[in-house]
1. Report the residue count in segment C:1-16 for those that are over 11 Å from the mean Cα position of the chain (by Cα), within 14 Å of chain B (Cβ to nearest Cβ) and of a type in the set (A, V, I, L, M, F, W, C).
2. Could you give me the residue pairs with C-beta distances under 6 Å whose first residue belongs to segment A:191-203 and is over 14 Å from A:H223 (Cα atoms) and in contact (Cβ under 8 Å) with a residue 12 or more places away in the chain, whose second residue is β-branched (V, I, T) and surrounded by 22 or more Cβ atoms within 10 Å (Cβ to Cβ) wherever it lies, and which are 6+ apart or on separate chains?
3. Have a look at A:T174, A:T122 and point out the one that is of a type in the set (V, I, T), farther than 12 Å from A:T34 by Cα and facing chain B (nearest Cβ under 10 Å).
4. Take B:Y168 and tell me if it is modelled with pLDDT of 95 or more and hydroxyl-bearing (S, T, Y).
5. In segment B:154-164, what count of residues is obtained for those that are surrounded by fewer than 24 Cβ atoms within 10 Å (Cβ to Cβ) and within 14 Å of chain C (Cβ to nearest Cβ)?
6. So in segment B:255-284, with the set limited to residues that are out of contact with any helix residue (DSSP H, G or I) (no Cβ under 8 Å at 6 or more places or on another chain), in a helix (DSSP H, G or I) and not hydrophobic (A, V, I, L, M, F, W, C), which one is nearest to A:P194 (Cα to Cα)?
7. Every residue in segment B:9-30 that is at pLDDT 90 or above, surrounded by 21 or more Cβ atoms within 10 Å (Cβ to Cβ) and hydroxyl-bearing (S, T, Y), please.
Amino acid sequence: MKVAIASGKGGTGKTTLSTNLASYLAQDHAIVLTDLDVEEPNSGLFIEKTLKYEQKRSRMVPVWESSTCTLCGRCQQVCNFHAVIKLGREIMVFPELCHGCYACSELCPHNALPMQPTPMGTLTASAAGGFDFIESRLDVGQEQAVPLIAQTLAHVDEHYGDEVIKLYDCPPGTSCPVIESIKDADIVILITEPTPFGLHDLSLAVETARKLGKEFAVVINRHGIGDDGVAEYCSREGIKVLAKIPNSRKAAELYSNGELMYPHIPEIAQQLEQVSQYIMGQMNGGEA
Amino acid sequence: MKEIVVISGKGGTGKTSITASLAYLGADSMVIADCDVDAADMHLLMRPEAVSSEGFTSGVLAVIDQSRCIGCGRCAQACRYDAIPYRDGQYTVTPLDCEGCGYCARICPVGAISMVDQLVGEWYLSTTRTGASMVHARLGIGAENSGKLVAKVKNEAKQAAQEQGKQYVLVDGSPGIGCPVVSSLSGADFVVLVTEPTVSGLHDLQRVYQLVKRFQIPAGCIINKADLNGEVAAQIHDFLKNEQIVHIADLPYDEAFTRAMLEGKTIVEVSDNPIGEALSDSWLQIQTILGE
Amino acid sequence: MNIAFTTKGTDWKDAMDPRFGRADYILVYNETEDTFSSFDNRAISGTAHGAGPQTAQQLFEMNPDVLITGNGPGGNAAAALQRSQMKIFIGAGSMTVREAYEAYKAGKLNQA
């Protein structure tokens, strides 16, 4: 079972829900939590963990071989991303602009741009309290999240069988990294705040989930701080609201220190139980 | 005309609410540019009414002309993104997977593939309830914000500001540290960094400031929810001091922010609270720094 | 000396463009011959990503001794320009071309 936890914008509580839910579910189930927000992985800050292993991750980019190059400029011409340019008597490659399409390399008449691995980030696997935690982090200066997300998902699939519940803490937004993160998920849990901003961003996230044809449901964070707009929207659209995590200053303080909330706030544990029941229902054929 | 850009690195710090407050305070002395296109929420507070709108294209997408395709499959082999599956007896492009590299089009032996401009969204020039014009955009699902779109929104805003003889362009900047935020910062006269005293807030502030520093743009910082965590707030204060960033204001943790939002207002419009005063003072400070 | 400016137009009285990669024009002033040559960079500034390196490449081909701009090139463009001998001066983003030239001559601009 693959469960993606996503939201239309940042700062609505994705990481809060992911880390608390992983810890809560781990009391009865085998769980692996994966932080796919590779640009700003923050889940790890909220989890006490012991490192199991660390792997450097790389992707393929062209590297200039000056000895065979005739400076014909074909590479610069075929690169739609302007990642290869000719500067005088030199070919310069900008790895962070390269999308790894291989066009320059394979269309070079003199084989002067062989593809070689370049580091893009680090994947770490840890044992947390009762569950496994996988995190990938882009190296500073790397801008392309999608290849690292794809490799991280493949790693999780290889190492954990179907009996393990896989939770994905997704990147924010509705663009390519989010699509990559949720396209293989069985269910998507969208987290939002009960405010006009939250509602607007939720409606975008719902559009994304629908476009990908995903089973999805909503969790409302900081319940009580705002209005009924989100609840009304969900009922109008026939979207299931799984849980309402109550707003409190105590929750905000626990978050600011990087601490889990449900052990300190019983109401939050109750809400997580409802999310848990939904996931179990989906695992048993989706009649929840 | 001076350009003020508000950025935060991390989402959920209150950047948009604060930008909208500055917009309210500056009223019709400015033109507003919403470059946080992924989570464009400023319109909820400024309530723009579109005067004009235009489609926006960014990047290209492969399209196969089935009448010319001979089914050789070279395109599918060359595609590193598995974007050209063989289905129902033909090769077709999955738009969400296509990166627009154009490799397939270059090697197709019969020229059956063309790269077409991708319509990714729309941008609008609007008037708002404060009298200021606002330029904003909306992207389709799966479409990515880009330096190009940010540059477009900013350019239109600057042009409007020049035509209308306004003093400022106020930019709600893009999140993250990639191309869109580089484009948001490019050409700015002053940067307002919005952060919160959480472990992730500090971390993201430090990352995004590296960019501001590279562009040598003078910067100031507003710390939202400053009393939430004294320890992290102190670390932020140290960081500001070391980097010589103007410490504009500390805003207390206050749910009045959300209450104002529920009424579709900025916090400076709801009856007297400490945040409103602090932001009025912030706006004066920013104007002084810019020498107006 | 050939001196390049990132600009909004092609004349002394036109405004500088503070941006590098997405500047509207690159204007090169030949001091010896007192002539201008220019490149309309607006096609490049309309590309989604990678405007910096493309503009750098264009500038490389124009091969000036000095570049005067506003904020300074971003990371990619800066890396490309390091390949040249060009000296880069910044902080002229809100001037006209003439003011930028005079400020440079008077030693008032910072080197990037």
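The values are calculated or read from the model by the stated rules, or taken from the named source; none is laboratory data. Since the structure is predicted, the reported quantities are computational estimates derived from the model, not experimental observations. Cβ sites come from the backbone with ideal geometry, for glycine too, and all protein chains shown count toward neighbours.
1. Total satisfying the criteria: 1.
2. A:L202/A:T192
3. That would be A:T174, the only listed residue that is of a type in the set (V, I, T), farther than 12 Å from A:T34 by Cα and facing chain B (nearest Cβ under 10 Å).
4. yes
5. Count: 5.
6. B:T258
7. B:T16, B:S17, B:T19, B:S21, B:Y24
Listed here are the residues, each with its yes/no results for (1) closer than 21 Å to A:I165 by Cα; (2) assigned to a loop (DSSP other than H, G, I, E, B); (3) modelled with pLDDT of 95 or more.
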site	(1), (2), (3)
A:L199	no, no, no
A:I225	no, yes, no
A:Y233	no, no, yes
A:I239	no, yes, yes
A:K250	no, no, no
A:L260	yes, yes, no
A:L272	yes, no, yes
A:Q277	yes, no, yes
